[in-house]
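The values are calculated or read from the model by the stated rules, or taken from the named source; none is laboratory data. This is a predicted model, so every value here is computed, not measured. Glycine gets a Cβ as well: all are built from the backbone with ideal geometry, and neighbour counts include every protein chain shown.
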Amino acid sequence: MLATFAPDGFDDIDFGVGLALMNLAKASCEVQNVVLVDCHNSFKGEGGRVLPGNKEVFELMGAVEKLKAPEQENGIKVGCSSDPLDNISKEDGVGQSGVKVMVIEAGSQKTAYILLDANNMIIGFRGIILEKVKSLGLDHAEVMTTDTHFVNTMSGGHNPVGTKMQDEIINGILKCTKEALNDLEDVSVGCKVANIKDIKTFGPLNATELVTTISSIVAVSRIFAPLVFLLALLFVFIWIFYGTFSI
């Protein structure tokens, strides 16, 4: 399951909300395993987080309850492609993994899953990408980001993809999608959900606090840096003139 509120803005779907949606899908669709992906593809900022009790949670639950498991199973074909997008830097919002595309053909339906190594994307960029990609003959498509913080900048913290080099990014996506379509072949599919013990993470609150602290330091330094420079310059002048007077 892919979850997005685009074209409306949002940021992170809380882990507890995701877990509840997975359990709800297991019951309503009568399946053993569910994988839920937060598409993270329409940046609103810290105010856009989807937390337990928010109205967005009930919208997601209502959507999950409408899902029905297909009565008929079809053979599945999968094609994949990737491009590191070396000509696009992290300052442009794209990380080291670039873009990865997976196309799934189930029966007569073709769907593209596009993953950008980025920290969310500006509102509206997703729609532009999907419009371009669907022109390749796809029935459905979705674009996601990895939520990497590798691309974050010191000024403002966040650096959503789409603020720069949109055409170059779209061209890379189109190239990979075409390659994935040409790579389609019959596959068998399995799914398993497992718990990984003792993995250490920042967590959403600590990560937000770290970014906020850095942003505050940068904002304060903009004020004090010129003052420190002027004081240093004044000290140099006093030292020069005092030294000359003493000689």
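General observations
- Restricting attention to the stretch 10-58, the residues that are among the hydrophobic types (A, V, I, L, M, F, W, C) and in a helix (DSSP H, G or I) add up to 12.
- Residue 138 being among the aliphatic types (A, V, I, L, M) and either assigned to a helix (DSSP H, G or I) or outside the structural domain of residue 101 (by TED's automatic domain parsing) (or both): no
- You will find that of 34, 78, the residue that is β-branched (Val, Ile, Thr) and either out of contact with any Asp or Glu (no Cβ under 9 Å at 6 or more places or on another chain) or surrounded by fewer than 16 Cβ atoms within 10 Å (Cβ to Cβ) (or both) is 34 and no other.
- Selection within the stretch 98-120 - more than 21 Å from residue 166 (Cα to Cα) and without any contact (Cβ under 8 Å) to a residue 40 or more places away in the chain: 104, 106, 107, 108, 109, 111
- The set of residues in the stretch 37-56 that are buried (at least 17 other Cβ atoms within 10 Å of the Cβ) and over 16 Å from the mean Cα position of the chain (by Cα) contains only 56.
- Checking the stated criteria, residue 95 turns out to be under 19 Å from residue 161 (Cβ atoms), surrounded by 15 or more Cβ atoms within 10 Å (Cβ to Cβ) and of a type in the set (Gly, Ala, Ser).
- Residue within the stretch 115-135 that is aromatic (Phe, Trp, Tyr), assigned to a strand (DSSP E or B) and surrounded by 14 or more Cβ atoms within 10 Å (Cβ to Cβ) present: no
- Residue ID - modelled with the lowest pLDDT, chosen from residues in the stretch 157-177 that are part of a loop (DSSP other than H, G, I, E, B) and within 16 Å of residue 123 (Cβ to Cβ): 158
- Pair list, Cβ < 7 Å and 6+ apart or interchain, from the stretch 165-181 residues that are touching a residue at least 60 places away in the same chain (Cβ under 8 Å) to residues that are part of a helix (DSSP H, G or I): 165/92; 173/129; 173/133; 177/133
- Hey, residue 62 exposed (fewer than 13 other Cβ atoms within 10 Å of the Cβ), of a type in the set (Gly, Ala, Ser), part of a loop (DSSP other than H, G, I, E, B) and assigned by TED's automatic domain parsing to the domain that holds residue 23 or not: no
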